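The values are calculated or read from the model by the stated rules, or taken from the named source; none is laboratory data. The structure displayed is predicted, hence computed values, not measured ones. Glycine also receives a Cβ, built like all others from the backbone with ideal geometry; neighbour counts cover every protein chain displayed.
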Amino acid sequence: MIYFIGAGPGAPDLITVRGMELLKRAELVVYAGSLVNPELLNYCAAQCVRLNSASMTLEQVIAALTARPKESTVVRLHTGDPSIYGAIREQMDALDKRGYDYEIVPGVSSLNAAAAALRAEYTLPGVSQTLIVSRMAGKTPVPEKESISSLAAHGASMALFLSVSMLDRLCAELIAGGYAPDTPAAVVYKATWPDEELVRGTLESLPQRAAHIGRTALVLVGGFMGGEYERSRLYDPSFSHMFREADK
Ligand code: SAH
């Protein structure tokens, strides 16, 4: 069986137990070497073959994943959670075509790790109940109707992947789209790695403050990093719900 496994954001103990157990059993691991922490490969047995996919094409990855008997345990290790910018759909379709079965083991996304590093909650009552996950167009185009400025018009919490190298333009487009220039914003570099770095500021100040960070970072934007919010109804003594009676 082939397993697509989310490696988590970096720290080796942030892979799931299921993912770790499969790594221990794997005969072959094809890992996304540009972002996956190589320490995760220490879970593998000595005889396990490890291939870094950073220099491989899709065709070469598929050839590697399918080179072994179908009953072998083969792992495709992706950073964070594979459902976010993981390029797994094209791999799954290629495996379907060749008649190979696979399973996906989810992982902790850098989206979650960045919020933890900032000690933040994306969905604050009275601030925003929506998290927009997007990116600036790069080699991969972004559909016109998802332009940064049109998404910014919602004023929701936003997490931008793959965009820190264009931070100047990103912040300008966010402001042009409707966020106030003093909206809280942050760059989280290599969340959960030993060299993790947090840069906090506003949409106006962030490009200068985080100018030294060129890759492997998330850009987070929104009032959820500010001081104002409403307390939750769920834990409010004056509200009843399925599991608790309100105080009289
Ligand atoms: N599937 C991954 C994202 C892969 S795209 C996930 O769920 O996290 C690669 C981008 O993810 C990077 O350019 C960066 O924006 C972000 N990223 C990955 N690991 C990160 C980390 N540890 N800290 C901050 N951002 C990270």
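Among the residues of the stretch 222-248, the one identified as at pLDDT below 85 and of a type in the set (D, E) is D247. State all residues of the stretch 96-123 that are in contact (Cβ under 8 Å) with a residue 60 or more places away in the chain and more than 27 Å from D168 (Cα to Cα); if no residue qualifies, say none. If the condition is that a residue be in contact (Cβ under 8 Å) with a residue 60 or more places away in the chain and more than 27 Å from D168 (Cα to Cα), then Y100, D101, Y102, E103, I104, V105, P106, G107, V108 are the ones that fit. Do any residues in the stretch 1-25 that are touching a residue at least 60 places away in the same chain (Cβ under 8 Å) have Cβ atoms under 6 Å from those of residues that are basic (K, R), where the two are at least six apart or on different chains, and which pairs are they? Taking only residues 6 or more apart or on different chains, the pairs are F4/R76.
Residue pairs whose Cβ atoms lie under 6 Å apart, sitting 6 or more positions apart in sequence or on different chains, and linking a residue in the stretch 193-222 that is farther than 18 Å from A115 by Cβ to a partner that is of a type in the set (G, A, S) and surrounded by fewer than 17 Cβ atoms within 10 Å (Cβ to Cβ), are G214/S165.
With respect to the conditions (1) free of Cβ contacts under 8 Å to residues at least 12 places away in the same chain; (2) more than 12 Å from the ligand (Cβ to nearest atom); (3) part of a loop (DSSP other than H, G, I, E, B), Y229 lacks only one, and its number is (1). Going through (1) surrounded by 20 or more Cβ atoms within 10 Å (Cβ to Cβ); (2) within 26 Å of A113 (Cα to Cα) one by one, I62 falls short only on (2).
When you check S83 against the structure, is it closer than 21 Å to V219 by Cα, away from the ligand (no atom under 16 Å from the Cβ) and within 22 Å of the chain's Cα centre (by Cα), yes or no? In short, no. Within the stretch 136-151, which residues are hydrophobic (A, V, I, L, M, F, W, C), in a loop (DSSP other than H, G, I, E, B) and out of contact with any helix residue (DSSP H, G or I) (no Cβ under 6 Å at 6 or more places or on another chain)? Once the filter is applied, which keeps residues that are hydrophobic (A, V, I, L, M, F, W, C), in a loop (DSSP other than H, G, I, E, B) and out of contact with any helix residue (DSSP H, G or I) (no Cβ under 6 Å at 6 or more places or on another chain), the stretch 136-151 yields A137, V142.
Residues of the stretch 155-200 that are more than 16 Å from the ligand (Cβ to nearest atom) and exposed (fewer than 15 other Cβ atoms within 10 Å of the Cβ): D168, A176, G178, A180, P181, D182.
Selection over the stretch 29-59 of residues that are surrounded by 13 or more Cβ atoms within 10 Å (Cβ to Cβ) and outside any helix (DSSP H, G or I) gives a count of 15.
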